[in-house]
1. Can you tell me which residue in the range 1-18 is surrounded by the fewest Cβ atoms within 10 Å (Cβ to Cβ), limited to those that are part of a loop (DSSP other than H, G, I, E, B) and at pLDDT 95 or above?
2. Out of all the residues in the range 90-120, which are over 12 Å from H144 (Cα atoms) and open to solvent by 40 Å² or more (accessible area, probe 1.4 Å)?
3. Which of the numbered conditions does E31 fail, given that it passes all the others? Conditions: (1) in a strand (DSSP E or B); (2) surrounded by 14 or more Cβ atoms within 10 Å (Cβ to Cβ).
4. Select from the range 189-222 the residues that are open to solvent by 70 Å² or more (accessible area, probe 1.4 Å) and under 30 Å from A125 (Cα atoms) and list them in ascending order.
5. Pick from the range 34-75 the residues that are free of Cβ contacts under 8 Å to residues at least 40 places away in the same chain, of a type in the set (A, V, I, L, M) and under 17 Å from G89 (Cα atoms): which of them is surrounded by the most Cβ atoms within 10 Å (Cβ to Cβ)?
6. For A123, indicate whether it is assigned to a strand (DSSP E or B), farther than 17 Å from G51 by Cβ, open to solvent by 10 Å² or more (accessible area, probe 1.4 Å) and of a type outside the set (V, I, T).
7. Can you tell me which residues in the range 71-96 are among the aliphatic types (A, V, I, L, M) and either at pLDDT below 95 or closer than 18 Å to E183 by Cα (or both)?
8. Determine if the range 156-167 includes at least one residue that is surrounded by fewer than 22 Cβ atoms within 10 Å (Cβ to Cβ), in contact with a helix residue (DSSP H, G or I) (Cβ under 9 Å, 6 or more places away or on another chain) and part of a strand (DSSP E or B).
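The values are calculated or read from the model by the stated rules, or taken from the named source; none is laboratory data. Bear in mind that the values here come from a model prediction, so they are computed numbers and not experimental data. Backbone-built Cβ (ideal geometry, glycine too); neighbour counts: all protein chains shown. SASA here: full protein model, heavy atoms, side chains in, ligands and nucleic acids out. Shrake-Rupley method; radii C 1.70, N 1.55, O 1.52, S 1.80 Å.
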Amino acid sequence: MVSTILVIQHEETGPPSWVGQWLAASGVALEMLHPFRGDKIPSEAPPHIAGLLVMGGSMGANDDAVYPWLCDERALMASCVEQDMPVLGICLGGQMLATAIGGLVTRAPVSELGVYAFDVHDAAAGDLLFGPIARTKVVACQWHQDYIAALPEHATILASNANCPVQAFRVGQNAYGIQFHPEVDGAIFSSWVDDATDVVEESGRGLEEVKVEVGTAQGQLHATWKPIVQSWARMVHAYRGN
C-alpha cells in the first residue's frame, strides 16, 4: 500500500533527506512543494493526500511580510489539524504548527546548533510516536535560533530541555511539531555550517567542533529517529485507510 503526503521544503538546502528515505522505504510517496520557487500552497490538503510534512528553513515563523506564503502554509496546517490528518513539522515546520494553533514563537535565549540532549516526558507514555522513548533522555541534531515559547492548553508537550521548553509536542491525535532535525546527516549539517559561519560563531560553538559532533553521532541519531518516523508512516497509512 502506498500513501501520498505533501512535503513543504522551504529552501534548496533543506530537503527531507533521511526522513524522506525512511518514509519512502515505508511505502509513503512524497509530493513536493517548493514555495521558494513559486509553488502555490493550497489552503487545504488535496483529497489524495494522507499527511503533511513541513521542513525547516532559515526564515522565521513570523516573517509573513518577507515570505507571504507562510500565511498560506499556516492555513494549510490549521486545516490539517482540524481534520486530524497526520502532520509532522520539523524545526521551522514545528514552529509553524505552533503558530497555526495559537502558540508563540520568539527568539530563543540560547541557540542550539549541534547535538543536544533532551528529556522525553511522562506525557509521552502511550503516544504513538514518542511512547517507546517516554521517560528517557535522547539526543538529536539541532539548528535553531528561535523556539516555541508557549502553546495553547489543548497541545501536549512531549519533550524539552533547559534551553528549549518545547522540543516536541502533539496537537490532536496525529499532528506533531518537533524543534530538532531528524532528517539531517553529517554532510547536510556541514553544508549549513559552511553557509552560515556567522550564525555558528554567534552561538558560541566552534565551526569544526559542531561538524565533528554531528558526524560522530550519526549512527545514534539514525537509530533513535528512524523508528519514530516509521511510526508516523504507519499513522499516514492508517489515515488513508479511514
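1. E12
2. G102, L104, A117, D119
3. Single failed check for E31: (2).
4. T216, Q220
5. L70
6. no
7. Answer for the range 71-96, where residues must be among the aliphatic types (A, V, I, L, M) and either at pLDDT below 95 or closer than 18 Å to E183 by Cα (or both): V87, L88, I90, L92, M96.
8. Yes, the range 156-167 has at least one match.
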